[in-house]
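For reference, the structure discussed in these notes is given below.
Any read-out appearing in this document is the output of simple, stated calculations on the displayed coordinates, not a laboratory observation. Since we're looking at a predicted model, the values are computed, not measured. A quick note on method: Cβ atoms are made from the backbone with ideal geometry, for glycine too, and the neighbour counts reach across all protein chains shown.
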Amino acid sequence: MRRLILAAAIAALAAPAAADTLQEVTTRGIVILVGDMQIDVTYTPDGKFTAAQGQIFGAWRIDGDKLCTQSNYDETEQCVGYPKGKKSGDSFEVTGPQGSATIRIK
């Protein structure tokens, strides 16, 4: 019984960490750094996002520790895993179907 309670507690603590990062990302927005380009991305609570000064737009959703997006630029849904425990001002690397990029949470 103790093991079951301990396992449940560990699972409960682990899950919110990734959710916290994605909550920060989708609440505050991000800047994607690719080479010498900086792409500003803004998310809205209704599951929509805009990037590149409105040139790219689409829908987003959270799937576990992944942020999934579908846009006018690429109609195929793309899901990218995000690290746990990140907050506003943090920068980190992500790798998705399009390659690697640095993400900074606004």
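At a glance:
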item	result
Reach of residue 87 by Cα under 20 Å, taken over lysines that are not fewer than 8 positions away in the same chain	66, 106
Geometric extent, Cα atoms of region 40-102 - Rg, Dmax (angstrom)	11.7, 30
Which of 43, 73 has the fewest Cβ neighbours within 10 Å, and the rest in rising order	73, 43
